[in-house]
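Trainee: I am attaching a structure below and will ask some questions about it afterwards.
Please treat every number below as a calculation from the coordinates, not as lab data. Given the structure is predicted, the values throughout are model-derived calculations rather than measurements. Glycine also receives a Cβ, built like all others from the backbone with ideal geometry; neighbour counts cover every protein chain displayed.
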Amino acid sequence: QEARDLGRRALSLAIGLGVTLCLVLVSQRDVLLGIIMGGKSSSLAIDVDVSSYQYAQSFLTIRAFSAPAVFIMSASTGILRGYLDTKTPIFVLFAANFLNLSLDIGLISILGLPAPKGAAIATTTAEWFSALGFLGVLGGILPSANNGGIAELGSNQQPARALQSKNEKDYDNQSFSKNENLTIITPTLSVPSFSTIQPLLLASSSLFLRTIVLQGALTGAAAMAARDGLSPSGASIAAHQIAIQLWLLSSFICDALAAASQGLVADALGRKDPRDVREISNTVFRYSAVLGLGLSALFAIGANVGLNGEDTGVLVQLFTKDAETQQQLAPLLNIIVLTQPLNALVFAADGVLQGASQFTYQAKCMAISVGVAVASFGVLETAPFNSASGGSDILLHVWIALVVLQFMRGLTSYIKIIDPDGPITLLSGQ
């Protein structure tokens, strides 16, 4: 009952925060775009390309309406992980991404909508599809991706007493009421009091702060890329966005291992089995190293091997035909190739530490890592590191700073993981 109540409060809080964020994004869109683009807004009178600004404004307005859906998806995924159900999110998100791709093709290629507007509509629709799908599973309306025929959530779940049966044969020989002790998790219609959501806020505040710091760093990187003085801003920001999407793609792949390790490490710690904690951690790190090297190899092939005799790699050709953007993108792809093993290990360490509930430590380390990365960017912007033409290669410096950020995240995580007085004690032989 306590787990169900916590899930209901989490969903209610997610909806409230999502609606609040949506209102802020819509009402303050001009100010926010002015900060990011360095362009015309209600408070920052700096000229920018009118069409680019209109595209960005339309995109942000449409995407703002997906904020509640994104919060619901995040809360629902956490609830499902708490029930050790990692399959259902995969099926829901796979269907949503298929819908997203189909809508992209239909709205942009067939109906001829402007690409930013069509992509915004497609992604927002897909995210609401995911949110409603998750709510349907948690509310017992839709089936979950149950394991071995016994599910704890969804319309295909079995009553609590059935889950205590030792095998499915025992369950088949018993008779249970259809609605007996079923787990139904839905948002509460009433506004929860602060006392009821205080534990949830306290538990998630460190992780929230860590996420805000990281997203602030990535947003700042985009803003700096838009101000690159050595190339047309359109080419610079286009190259940055292509590179950051590839980086995020690889990050989500690596995060799959982190998600698995989070639940397994928490389970082993709950059983007070330190040997199992270390074995799980070591296994995750080994798999992550192999995954990182594999991603490096794939990106290296895509960045350097062209089709039909092209000098540029297939990845570059796939995303853009613009010569200036290709030139800006080339060094960024090299950085992505070289840093994949580091990224994979960093995300693995994140999962291990989150499984050990080291959220406060991670938030502090994220703040330190971002501070070091910002300082490194400042150093790179000084005269000795400027280009031969006397200007500053801001885009390249932004990406070097992102590498520093990842290195510091990995270093600080590793210090905690090997700490003999910490929860993991990775190097302990006992």
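Trainee: Which ³J(HN,Hα) values, rounded to whole Hz and listed in residue order, are derived for the range 96-106 from phi using the Karplus coefficients 6.51, -1.76 and 1.60 in 6.51 cos²θ - 1.76 cosθ + 1.60 with θ = phi - 60°, glycine and proline given as x?
Mentor: For the range 96-106, the Karplus-derived couplings read 5, 5, 5, 5, 4, 4, 4, 5, 4, 5, x Hz, x marking Gly and Pro.
Trainee: Under the 0.36 nm per residue contour assumption, what length would be gained going from the current alpha-carbon distance of LYS272 and PHE252 to full extension? Can you show the working numbers first?
Mentor: Details: separation 20, 0.36 × 20 = 7.20 nm, distance 3.00 nm.
Contour length minus the Cα-Cα distance gives 4.2 nm.
Trainee: Right, next: In nm, to one decimal, how far is the modelled label at VAL31 from the one at THR360, with both set 7 Å along Cα→Cβ?
Mentor: With each label placed 7 Å out from Cα toward Cβ, I get 3.3 nm.
Trainee: Further, regarding this structure: Quick check: residue separation of ALA297 and GLN54 times 0.36 nm, minus the Cα distance between them. What number comes out in nm? Numbers along the way, then the final one.
Mentor: Details: separation 243, 0.36 × 243 = 87.48 nm, distance 3.89 nm.
Once the chain is fully extended between ALA297 and GLN54, it gains 83.6 nm.
Trainee: Compute the distance from the alpha-carbon center of the range 1-17 to that of the range 272-287, in whole Å.
Mentor: If you average the Cα positions of each part, the centres end up 31 Å apart.
Trainee: Between the range 63-106 and the range 351-374, what is the C-alpha centre distance in whole Å?
Mentor: When both Cα centres are located, 25 Å separates them.
Trainee: Using 0.36 nm per residue of separation minus the Cα-Cα distance, give me the extension gain between PHE98 and LEU218 in nm, one decimal.
Mentor: Working: separation 120, 0.36 × 120 = 43.20 nm, distance 2.68 nm.
Here the answer is 40.5 nm.
Trainee: Each label point is 7 Å from the Cα along the Cα-to-Cβ direction; what then is the distance between the points at GLU381 and VAL19, in nm?
Mentor: 4.0
Trainee: Order 370-382, 125-137 from most to least packed using the mean count of other Cβ atoms within 10 Å. It would help to have the intermediate numbers written out before the result.
Mentor: On the way: 370-382: 16.3, 125-137: 21.5.
So the order, starting with the most tightly packed, is 125-137, 370-382.
Trainee: How far apart, in nm, are two points set 7 Å out from the Cα along the Cα-to-Cβ line at LEU342 and at ILE415?
Mentor: My value for the distance between the label points is 1.7 nm.
Trainee: Using modelled amide H (1.01 Å from N, peptide plane; none on Pro or chain starts), what sits under 5 Å from the amide H of GLY154, excluding residues fewer than 5 places away?
Mentor: Here GLY140 satisfy the definition.
Trainee: Next question. If you count, for each residue, the other Cβ atoms within 10 Å and average over each peptide, how do 270-278, 245-253 line up from highest to lowest? Spell out each step's value before the answer.
Mentor: Working: 270-278: 14.0, 245-253: 15.9.
Per-residue mean Cβ counts within 10 Å order the peptides as 245-253, 270-278.
Trainee: Summing Lys, Arg as +1 and Asp, Glu as -1, what charge do residues with Cβ under 13 Å from the Cβ of THR283 carry, THR283 excluded?
Mentor: Details: positive: ARG275, ARG278, ARG286; negative: ASP276, GLU279.
Net charge in that neighbourhood comes out at +1.
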